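Here's the structure we're looking at; comments come further down.
The values are calculated or read from the model by the stated rules, or taken from the named source; none is laboratory data. Fair warning: this is a prediction, and the values are worked out from it, not measured in the lab. Glycine also receives a Cβ, built like all others from the backbone with ideal geometry; neighbour counts cover every protein chain displayed. Just the protein is used for accessible areas: all its heavy atoms, side chains included, with ligands, DNA and RNA removed. Shrake-Rupley method; radii C 1.70, N 1.55, O 1.52, S 1.80 Å.
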Amino acid sequence: MSSEHLPARQRPIVIFDLDRTITRQGTFSPFLIYCLLRRRPWRLLLVPVIVVAMLGYVAKFYTRKTLKQRMQALTIAGLSRADLETLGHGFVTKTIAGGCFADALATIKQHKNAGDCLVIATASMDFYAEIFAHHLGFDHAIGTRATWTADGRLKSEIAGDNCYGPAKLDRVREFLATLGADGYAVAYSDHKSDLPFLKAADRGVVVNGKPKALVLADQHGFEKVTWR
C-alpha cells in the first residue's frame with residue numbers, strides 16, 4: 001500500500017506556512033482589497049483609516065489580533081459565507097496563477113506524489129486558507145478562526161488567538177491530537193515568528209529567510225532554501 005492511502009496519522013505530516021512561503025506576498029491585505037473592488041468599492045475610501053490602524057500596530061498600541069479585527073470591521077465584515085467563498089476562489093485562483101513561488105509549488109507536488117499528509121498552517125483567515133488548501137491539493141488547513149452570525153455573515157471578531165507565533169504551534173498540536181499523531185516530519189516557513197513551529201518539526205526548513213530568520217536557522221540547525 002502506498003502512503004497516500006494510509007490514514008493521515010500514519011503518513012509523514014508536512015506543514016507549510018502560507019504567506020511569503022508559498023505565496024510571494026502576504027495575502028490578508030490583498031484579499032481585503034480584492035473583495036472591496038468586487039463588492040464594496042466605496043469602502044476603499046476607508047483605506048487611510050486602515051493605514052492609521054496599521055501604524056497603531058507598528059507603534060505597539062495593540063496586537064496583531066486587534067489590527068486584523070479592525071481591518072475586517074472596515075472591509076468585509078457582514079459579507080455572507082457564500083459570497084466570501086466565491087470571492088475566495090477567485091482570489092486564490094489569481095494568486096496561484098501569478099503570485100506563488102514556482103519552487104514552492106514544485107515542492108508541494110513532490111510531497112503530494114510521495115503520499116505525505118499536507119497541511120497549511122497560517123495566520124491568514126481560515127475561510128480562505130481552506131480554499132488555498134483545496135486548490136493546492138493539501139489535506140488540511142489551519143488558520144485564524146473567523147466568527148459568523150447566526151445567518152452566516154462574517155463578524156469582525158476572531159475566535160481565540162491569531163494563528164501566529166506560539167499560538168500557531170498550539171493550533172498545530174491541537175490538530176495533531178485530532179489525528180492521534182505524535183508529531184510532524186517537516187515544517188516550511190519564511191519567518192522568525194515561526195521558530196516554535198519549526199523547532200517542533202523533525203526537519204525545519206527556512207524559506208527565503210530574512211537576516212533574523214537565517215540567524216535562527218543557523219542556531220537551531222534548520223535547513224535554508226531559496227525558492228523562486
Would you mind checking the tilt of helix 47-58 against the longest principal axis of the Cα atoms of the chain, expressed as 0 to 90 degrees and rounded to 10?
50
Using a 1.4 Å probe on heavy atoms of the protein chains only, the accessible area for SER124 in Å², nearest 10, reads 0
Surface share of carbon and sulfur [accessible, 1.4 angstrom probe, percent] for the chain
55
For the residue pair LEU105 and ARG145, what label-to-label distance in nm results when each label sits 7 Å from Cα along the Cα-to-beta-carbon direction?
3.4
Treating every alpha carbon of the stretch 105-228 as one equal point scatterer without solvent, the Debye formula yields log10 I(q)/I(0) values at q = 0.09, 0.22, 0.23 Å⁻¹ of -0.27, -1.41, -1.47
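Provide the gained length on full extension for the span VAL51 to LYS210, in nm with one decimal, where the gain is 0.36 nm per separating residue minus the Cα-Cα distance. Mind showing how you got there, number by number?
Details: separation 159, 0.36 × 159 = 57.24 nm, distance 2.43 nm.
My answer for the length gained is 54.8 nm.
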Under 15 Å Cα-Cα from LYS65, which aspartates and glutamates qualify once same-chain neighbours fewer than 8 residues away are excluded?
ASP126, GLU157, ASP161
Relative to the first principal axis of the alpha-carbon coordinates of the chain, what is the inclination of helix 102-113, with its axis defined by its Cα atoms, in degrees from 0 to 90 and to the nearest 10?
50
Grab the beta carbon distance between ALA73 and ASP182, set R0 = 45 Å, and tell me the FRET efficiency rounded to 0.05.
0.65
Apply the a/c threshold of 1.5 to the C-alpha gyration tensor of the stretch 142-195 and tell me whether it is rounded, prolate or oblate.
oblate
Subtract the Cα-Cα distance of ARG203 and ASP218 from 0.36 nm times their separation in residues, and report this length gain in nm to one decimal.
4.1 nm
Note: ARG40 to ARG24 extended length (0.36 nm per residue) minus current alpha-carbon separation gives 3.2 nm
Determine the relative contact order of the stretch 20-107: mean sequence separation of Cα pairs under 8 Å and six or more apart, normalised by residue count, in whole percent.
49
In units of 2.2 N^0.38 Å, what is the alpha-carbon radius of gyration of the chain?
1.02
Could you point to the residue in ALA102, VAL186, GLY152 farthest towards the positive end of the stretch 96-186's charge dipole, with +1 and -1 charges on the Cβ of Lys/Arg and Asp/Glu respectively?
ALA102
Considering only protein heavy atoms, what per residue accessible area in square angstrom results for the chain with a 1.4 angstrom probe?
49
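Which sequence of ILE96, ILE108 reflects their accessible areas, 1.4 Å probe, from the largest down? Intermediate values should be presented prior to the final figure.
Working: ILE96 45, ILE108 5 Å².
Sorted by accessible area, descending: ILE96, ILE108.
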